[in-house]
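I have placed the structure first, in the form of structure tokens, so that the comments after it can refer back to it.
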Amino acid sequence: MDTRRSALRSRLGRVGVWSFALQANPFPTAKAALKTYEQLGYRSVWFPESVGSKEAFAHAALLLDASETLVVGTGIANIHARDGVAMALGGRTLEEAHPGRFVLGIGVSHAPSVAARGGTYGRPIEQMRAYLDAMDGAPWSGPAAERPALVLAALGPRMLELAAERADGAHPYFVPVEHTRIARERLGADPVLVVEVTAAIDGDRGRARDTARAFATRYLALPNYANNLRRLGYSNDDLAGGGSDRLLDAVVVQGDAGAVAARVREHLEAGADHVVVQLRAPSPADPCLEGYAALRQALGDAVG
């Protein structure tokens, strides 16, 4: 087994946090939330890079400096936001300052996001291969530092295979448990599989469903996610109107902390190495501290 991948698996543990709130809030608020996640015993924290949001490497540096033990991961740094050399050097800079605590997650993004940046969304596999070549060829004259752990945003079979070939693993997002089984089969046993799970912890079932549907609507409009769900057997009717109840139940857990913990265990049993939980509230800026505390209690030893 590859020693880099084994070391990454060990550092990550089993369960982490994935949060939009870290980019939505002023940094002092985000820092306080980060400290709480760390004190609760979560092993990692992941954040997105959205158009018009905090820049990924600057944000990662702030989060690494504000925490002591957390592994910080980009979920996902957009390859259209910087060239391959800049991506490679940015990653090494953070790895040099915080050895073993940064995971560079990169992805091809989506056509609307790329267009908003003035870029051209091409063939994803070809673009990613060329980008990885550029990263591999990037010069480094700074202090001695390994490249950081690298995972690819991967949904379809070809991107999963590329992640196994050229990266330390894959980071699927907005996926049901059946996708995790397929991803593990495509990756093989060695690459690290980091799976995002979305959940709405809410005692009001109707409000939880509304939160889930509001969250899912934006992703179901993006071809990458919609096509992935179609490959898994979901119909156009399932994808319409913000998602059928069947689809929503599969991709967004709605209920108490015990239900979320059960879904985490399902993904782990299906082949995930590390599950990062994104708790959603009616307000996207809510860091869901009480929810993560309840989930930590429900998970018990599964976090480590």
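The values are calculated or read from the model by the stated rules, or taken from the named source; none is laboratory data. Values in this document were obtained by computation on a predicted structure and should not be read as measured data. Note: ideal-geometry Cβ built from the backbone for every residue, glycine included; neighbour counts use all protein chains shown.
What are the residues in region 124-139 that are closer than 12 Å to ARG158 by Cβ and within 20 Å of the chain's Cα centre (by Cα), if any? Passing the criteria: PRO124, ILE125, MET128.
Scan region 145-182 for residues that are assigned to a helix (DSSP H, G or I) and either in contact with a Phe, Trp or Tyr (Cβ under 8 Å, 6 or more places away or on another chain) or among the acidic types (Asp, Glu) (or both) and the total you get is 3. ALA134 passes all but one of (1) touching a residue at least 40 places away in the same chain (Cβ under 8 Å); (2) touching a Leu at 6+ places or on another chain (Cβ under 9 Å); (3) part of a helix (DSSP H, G or I); which number fails? That leaves (2) as the condition not met. Restricted to region 286-304, and to residues there that are among the small types (Gly, Ala, Ser) and at pLDDT below 95, the residue that is farthest from SER10 (Cα to Cα) is GLY300. Within region 88-111, residues that are buried (at least 21 other Cβ atoms within 10 Å of the Cβ) have Cβ atoms under 9 Å from residues that are among the charged types (D, E, K, R) and in a helix (DSSP H, G or I) in these pairs: ALA88/ASP136; ARG101/ARG11; ARG101/GLU95; PHE102/GLU95; VAL103/ARG11; LEU104/GLU95, counting only partners at least 6 apart in sequence or on another chain.
Considering only region 256-267, I want to know if a residue exists there that is closer than 24 Å to GLU126 by Cα, without any contact (Cβ under 8 Å) to a residue 60 or more places away in the chain, surrounded by fewer than 22 Cβ atoms within 10 Å (Cβ to Cβ) and among the hydrophobic types (A, V, I, L, M, F, W, C). No, region 256-267 contains no residue that is closer than 24 Å to GLU126 by Cα, without any contact (Cβ under 8 Å) to a residue 60 or more places away in the chain, surrounded by fewer than 22 Cβ atoms within 10 Å (Cβ to Cβ) and among the hydrophobic types (A, V, I, L, M, F, W, C). Taking region 41-108 as the region of interest, none of the strands (runs of 3 or more DSSP E) fully inside it holds 1 or more residues being closer than 14 Å to VAL151 by Cα and modelled with pLDDT under 95.
When you go through (1) out of contact with any His (no Cβ under 9 Å at 6 or more places or on another chain); (2) crowded, with 24+ Cβ neighbours inside 10 Å one by one for ALA163, which number turns out not to apply? Going through the list (1) out of contact with any His (no Cβ under 9 Å at 6 or more places or on another chain); (2) crowded, with 24+ Cβ neighbours inside 10 Å, ALA163 breaks only (1).
Taking region 229-248 as the range and being buried (at least 16 other Cβ atoms within 10 Å of the Cβ) and assigned to a helix (DSSP H, G or I) as the test, the residues that pass are LEU229, ASP238, LEU239, GLY242, LEU247, LEU248.
Considering each residue of region 282-290 in turn, none proves to be touching an Asp or Glu at 6+ places or on another chain (Cβ under 7 Å) and assigned to a helix (DSSP H, G or I).
Okay, residues lined up against (1) among the charged types (D, E, K, R); (2) buried (at least 21 other Cβ atoms within 10 Å of the Cβ); (3) under 29 Å from GLY271 (Cα atoms):
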site	(1), (2), (3)
SER6	no, no, yes
SER19	no, yes, yes
TYR37	no, yes, yes
GLY41	no, no, yes
SER44	no, yes, yes
GLU55	yes, no, no
ALA66	no, no, no
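Filter region 183-228 for residues that are among the small types (Gly, Ala, Ser), surrounded by fewer than 23 Cβ atoms within 10 Å (Cβ to Cβ) and not in a helix (DSSP H, G or I) and give the result. Hits for region 183-228 are GLY188, ALA189, GLY203, ALA221. The listed residues are SER19, SER53, and the only one of them that is touching a Cys at 6+ places or on another chain (Cβ under 9 Å) and touching a residue at least 12 places away in the same chain (Cβ under 8 Å) turns out to be SER19. Restricting region 286-304 to residues that are of a type in the set (Gly, Ala, Ser) and free of Cβ contacts under 8 Å to residues at least 60 places away in the same chain, which is surrounded by the most Cβ atoms within 10 Å (Cβ to Cβ)? Once the filter is applied, the top-ranked residue is ALA298.
For region 269-281, filtered to residues that are out of contact with any Lys or Arg (no Cβ under 7 Å at 6 or more places or on another chain) and in a loop (DSSP other than H, G, I, E, B), the residue that is farthest from LEU12 (Cα to Cα) is ALA281. Every listed requirement among (1) small (Gly, Ala, Ser); (2) touching a helix residue (DSSP H, G or I) at 6+ places or on another chain (Cβ under 6 Å); (3) under 26 Å from GLY52 (Cβ atoms); (4) buried (at least 17 other Cβ atoms within 10 Å of the Cβ) is met by ALA149 save one, (3).
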